[in-house]
1. Expected output is a single nm value to one decimal: the length gained when fully extending between residue A:234 and residue A:81, i.e. 0.36 nm times separation in residues minus the C-alpha distance. What is it?
2. Leaving out ligands and nucleic acids, and using a 1.4 Å probe, what accessible area per residue does region A:168-232 come to in Å²?
3. Report, as an integer, the average count of C-beta atoms from other chains found within 10 Å of each Cβ along B:337-348.
4. Roughly to the nearest percent, how much of the accessible area of the protein assembly as shown is carbon and sulfur, given a 1.4 Å probe?
5. Would you kindly calculate the translational diffusion coefficient of the protein assembly as shown, applying Stokes-Einstein with the Kirkwood radius from alpha carbon pairs, for 37 °C and a viscosity of 0.692 mPa s, and quote it in µm² s⁻¹ without decimals?
6. Take every residue in peptide A:117-129, count the Cβ atoms of other chains within 10 Å of its Cβ, and give the average of those counts.
7. Add -39500 (n - 2.57) for each DSSP H run of 4 or more in chain B, then divide by its residues: what number comes out at 222 nm, to the nearest 500 deg cm²/dmol?
8. Considering every pair of different Cα atoms, what Kirkwood radius, in Å, is found for chain B?
Amino acid sequence: MTRTDDPTPPPVAELERVTRTYRMGTNEVRALDELSFAFGRGEYWAVMGSSGSGKSTLLNLLGCLDRPSSGHYRIEGVDVSTLDDDQLSEIRSQKLGFVFQSYNLIAQLNVLENILVPLFYQDDPPPGAEQRARGLAERVGLGNRLDHRPMELSGGQQQRVAIARALVNHPTLILADEATGNLDSQTAQEILALLDELHAEGRTILIVTHEPDVGARAQHVLRLKDGRIETVVRDQNPAPTRRALEVR
Amino acid sequence: MKGPSLLRTVRLGVSSLLLHKLRSLLTMLGVLFGVFAVIAMLAIGEGGRVEAIERIRGLGTLNVLARSVKPPEVFATGQQAVRVVSYGLTEADLARVSATFPGVRCVVPVREIFEEVRHGDRAMNPRVLATQPIYIDVTGRNVVEGRFLAEEDERNVANVCVLDYDVARYLFPFESPLGQEVKIGGDYFSVVGTVLPRVRQESDPGKAGAGTAEIFIPLETGRKWYGNVQVKIRAGSREMEEVELHELVVAVDRQENVMFVADSVREMLVRNHPNGDYEVRVPLELIREVEAQARLWSFVLAAIAVISLVVGGIGITNVMLATVTERTREIGIRRALGAKRNQIVVQFLVETVTLCIVGGLVGVAAGLLSPWVLEQVLHKRAIVTLNSPFLAFSISVVIGVVAGLYPAWRAANMDPVEALRHE
């Protein structure tokens, strides 16, 4: 699937006529309706849309927490639609990083342990896992809070831990679900700055949000309506971060 | 799941348990008591069995006992004022048994004399048994002091007697009875020895509480002084009984022959005593019966205890179901971050199995102490057999797995999306 003549980078996640239907009593609801789209490597996408537009469903599918009712979804060329539950878990632990709106840290574990959870479920945890987790905690500014429990941290700090956790397994795709939804604007800016930084490093990020200013910071915007694509805006910001990186 | 990841999962389970110490402790108690109960119940069963068998052993496992029994249908012979009831084993039976049956080592006749025994102002009613010297060999009794009856006593028709230890202690509380005199009915006997008492049996004749105290005198002496006809005073009425021999102890040479000899003796007696004025007891048979009974009892007791263990298991299932619901969100997070279903199953199974292992071990420790406690409190003999702790412990672990399986399965099969949304 290499298309050398195509200017867009090779897709990390590719949807092909994906439909997801839910049964609500006797009605059938189409949360996603024959959606086809490709997210390229190193891109930073904001997925926007009103509630009920299919944002969450799309995120669950992309996160391999759900399977399409029909159509195909490929991560780095692997068709996920045909995988069984264990294989999906494997993909989640190897290729995906999650950042949730409500942080979703495990209350009984401390910061370091929380960051290590994704590696906990890999059959062959990479060597130096703890060292890496320490480094990530350092990076998100929590190097001195390693043995704190989530309850002892502020919302912003918890979300930083969650981001560190999302990075620990070297994911090919980072999925953020309303990552700033529970934070005040000051803290939200810090988290968004962190995401910008990750994008600048070349990571593929997808953030689901309904806040316009969060969407405005992303490189590209995908707007959904009734389970279909409404608009696609590419390169709304002329990649300032990438240039900044080149200067350095 | 590989070794190191299993180890991590075990550590995770244990730390979850420690998070709710009281809850874990209470859940564990069900298993603890269950395991304790299984061990204690089996120990009580075993203690009862051993005790019963020891009692029967006192009769001699190589013996067949034939005893005279007053037949119910025998009433007064005629309308005389004084009734004489005649029944029981005879010298002819003795001769037949000793002469005919192969495998019989010897036959020891025993007569019982119903007289009061006195020494000074102390009186008691032990069984007075007139028998031959060989009696002590076939019953395996032990001499404490002096000697048992001897052949020359028999020849001389000597007025000598041997007391069992209970009688000796009662009649001669402060001195050795050797060389002293006791009065049996109207005659004086000098004491030549004492023997260990027999372990009491439920089926022993005589008043309850009278014990099994026994005095032995030579057979010939008994015959000479007390005759075959004895007067019994019962509930105000006088009754005369004529019994030649009260008991025959048939000693068999080898254990394999015991049942054969017992059957032969029964057959012979049926033919010669159509009125059924006898009973044959075979200690070996009794032991087998007791063992069968003890097995049944142990089974019943253990079954009850296992039920309590199962109830403990149900308690664990209940608590784990609540825990799984409470931790729905955590399960969702773990699943989203890559936990496979079986890793979630193992995480929760580790918790229940750990509870059962710890509870089981403490239960085993308590169970091992149970015989001591039972003896102190209930004065019951209890014996922990070697395999019962292993049995109880493995049942508890199996119950832990079974009890944890359903909650763990529930946890693993939650939809991760739903679980993440759970508040």
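1. Fully extending the segment from residue A:234 to residue A:81 adds 52.3 nm.
2. On the way: 2550 Å² over 65 residues.
Solvent-accessible surface per residue comes out at 39 Å².
3. That average works out to 6.
4. On the way: 17910 of 31680 Å².
Result for the protein assembly as shown: 57 percent of the exposed heavy-atom area is carbon or sulfur.
5. Working: Rh = 33.2 Å.
In µm²/s, the coefficient is 99.
6. Details: counts 6, 5, 2, 9, 12, 2, 6, 3, 3, 0, 0, 0, 0.
Mean partner shielding for this stretch: 4.
7. The per-residue figure over chain B is -18000 deg cm²/dmol.
8. Numbers: mean 1/r = 0.0373 Å⁻¹.
Hydrodynamic radius (Kirkwood, Cα pairs) of chain B is 26.8 Å.
The values are calculated or read from the model by the stated rules, or taken from the named source; none is laboratory data. All figures in this text were calculated on a predicted structure; none of them were measured in a lab. Note that each Cβ is placed from the backbone with ideal geometry, even for glycine, and that neighbours are counted across all protein chains shown. Note: accessible area is taken over every heavy atom of the protein model, side chains too, but ligands, DNA and RNA are not part of it. Shrake-Rupley method; radii C 1.70, N 1.55, O 1.52, S 1.80 Å.
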